[in-house]
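The values are calculated or read from the model by the stated rules, or taken from the named source; none is laboratory data. Nothing here was measured: the structure is a model prediction, and the numbers come from that model. Positions of Cβ are generated from backbone atoms using ideal geometry, with glycine treated the same way; all protein chains shown enter the neighbour counts. To get the accessible areas, we keep the full protein, side chains included, count just its heavy atoms, and leave off ligands, DNA and RNA. Shrake-Rupley method; radii C 1.70, N 1.55, O 1.52, S 1.80 Å.
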Amino acid sequence: MTIPARRRAGGRAANTARRGGANLHQSAWRLPVNTDAPTEPLGPEGVQAIHDGAMRILEEIGIDFLNDEALEIFRKAGAIVSGQNVRLGRDFVMEMVGKAPAQFTITPRNPEKQITIGGKHILFGNVSSPPNYYDLSIGRKVPGTRQQCADLLRLTQAFNCIHFAGGYPVEPVDVHASVRHLDVLFDKLTLTDKVAHAYSLGPARVEDVMEMVRLAGGLSEDEFRARPHMYTNINSTSPLKHDYPMIDGCLRLIRAGQAVMVTPFTLAGAMAPVTMAGAVTLSIAEALSAIALFQYVRPGCPCVIGTFTSNVDMKSGAPAFGTPEYMRATQMTGQMARYYGLPLRASGSCAANVPDGQAMWETSNALWSAVQSGANVVYHAAGWLEGGLIASPEKFIMDCEVLQMIQRYFEPELVATGPDDIAFDAIREVGSHGHYFGIQHTQERYETAFYSPFVSDWRNFESWELAGAVWTPERAHRVYKEILATFEPPPMGDAERGALEEFVARRKEEGGAPTDF
């Protein structure tokens, strides 16, 4: 993407950059509450049709579990197990799913950053898992590094509209896979004090991350297991399959009292039926089969049902995101999550390759569909490009502007109707011949009356041009660089940091997680 870049030293452009650091103009830390009624495209008969379709899949077709422990658990539970295929009766599934809590909390090492998942809360997380990175200073797509991953974790910590630290914000491919989780979790736990995620990619990694979260919080084994302090998110291998490591990781986490999210990745027309109702039905069946397993093993364990149903470009086969179909699938899954009494995970996403207009309209569609669906957790809410293959700091900054607007949208004062809000006396004072700029009612409120952006530019074209004609991604890049220049890690006790360092060093000496290379 070519952006004309004429720079100047002072004025509002410089002020915008300065706000990106310690003086970043942002909303305070809080857990937003979605006060709107959800969008429900399905009538009661539609909800019942998807539910019945999902139950028939589980009863008549079954789900393959490529995990011997899960197969043995299902046998004991009375399921029909044939090889790796598991068929489940709807009464059993509904009984198990009914044991899952509708709401729960996760407490990180900083208790002030505790999050509540469920109810009407809507929480946002950083981009997770892209193998590649792009920013304006590089100007091209490159493999991710530990330094880039750490810088994106700094953004995760800096923004109050980001409530949890998801997976690796970019995969640091310069660190060997056997020890990558040790380095990235060390960075995550020292550069942020927000709720952290563990990948379910083999027993060693899950056990290591649980121990690192425990050490970072200065917790005993009993204290760690007493309530959730972290979570994992898994995807099914659509169609109709759960693999070994993800189910294994979830079983380890729930037995240790931690939270799990089950998010089938169903692309209509490729990994799921081309119809959105069919794709959602398949997704629901895949998710409920795993949640039923976890509730059978540990009744009441915290589980979230996820939606990542979209469509493919039927001309190229490439995934598409932020489409009308994606939005409707998210809304429909929200209805199903409420039907089952489960918290819902959705995502911010786009197919755009650079932080441009397409990136923002597709991501905005995805984010607002999460709002409309009543989602409680929004993954990849900031920084995602190219269908999840690229992480971008400029996109991260631009997305956070949108997230702050969504949070502002839900602030109670915007819909307050008290006497001062109706403002009858102010209306009488101005009458039909004055204006509201100078009256006392405005003067008392003007600083906080409206949303104030940190990267948007609201000047007219001439003023913008005179100021250097700086495009939005470049303004976002300046904010990103200023945040890095002024970033201060959240405090951590010497004992906790020392324990983390010692653990990482020991596990590296032991070889970390086993790999075949």
Calculated FRET efficiency for the pair Asp91/Glu60, C-beta based, R₀ 22 Å, to 0.05: 0.90
Cβ charges +1 (Lys, Arg) and -1 (Asp, Glu), total dipole of segment 379-474, debye: 100
Surface per residue (accessible, 1.4 Å probe) for segment 263-377, Å²: 27
14 Å beta-carbon shell around Asp421, net charge (K/R +1, D/E -1): -4
Within the chain, helix-based [θ] at 222 nm, where runs of 4 or more DSSP H residues each add -39,500 (n - 2.57), nearest 500: -13500 deg cm²/dmol
Inverse of mean 1/r across different Cα pairs in segment 416-462, Kirkwood, Å: 12.9
Label-point separation, Asp421 to Ala102 (7 Å along Cα→Cβ), nm: 2.6
P(r) weight above 41 Å for the chain, C-alpha pairs, percent: 22
Positive-pole candidate from Val415, Ala426, Pro453, dipole of segment 326-459, charges at beta carbon: Val415
Charge dipole magnitude, Cβ of K and R +1, D and E -1 - segment 230-316, Cα centre, debye nearest 20: 160
Kyte-Doolittle mean at least 0.5 and Cα axial length at least 30 Å: DSSP H helices in the chain: 276-297
Globularity index of segment 23-94, i.e. its alpha-carbon radius of gyration over 2.2 N^0.38 Å: 1.81
Restricting segment 445-486 to chymotrypsin sites (Phe, Trp or Tyr not before Pro) in coil, as DSSP defines it, with at most 15 other Cβ within 10 Å: Tyr446, Phe450, Tyr451, Trp458
For q = 0.23 Å⁻¹, Debye-computed log10 I/I(0) when each Cα of segment 55-176 counts as one equal scatterer: -1.15
Extension gain from Ile439 to Asp36, taking 0.36 nm per residue of separation minus the Cα-Cα distance: 141.8 nm
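Charges only on Cβ, +1 for Lys and Arg, -1 for Asp and Glu: so what's the dipole of the chain about the Cα centre, in debye to the nearest 20? Let's see the in-between values first.
Values: 47 positive and 58 negative charges, 76 e Å.
With Lys and Arg at +1 and Asp and Glu at -1, about 360 debye.
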Whole-percent carbon and sulfur share, accessible surface of segment 277-413, 1.4 Å: 59
Computed accessible area, Met327, all protein chains, 1.4 angstrom probe, square angstrom: 40
Neighbourhood charge, 12 Å Cβ-Cβ cut-off, centred on Gly374 and excluding it, Lys, Arg +1 and Asp, Glu -1: +1
Nearest-10 value in Å² for the accessible area of Val280, using the 1.4 Å probe: 0
Spin-label zone in segment 132-163 - amide nitrogen under 15 Å from a point set 7 Å from the Cα of Asp313 along the C-beta vector: none
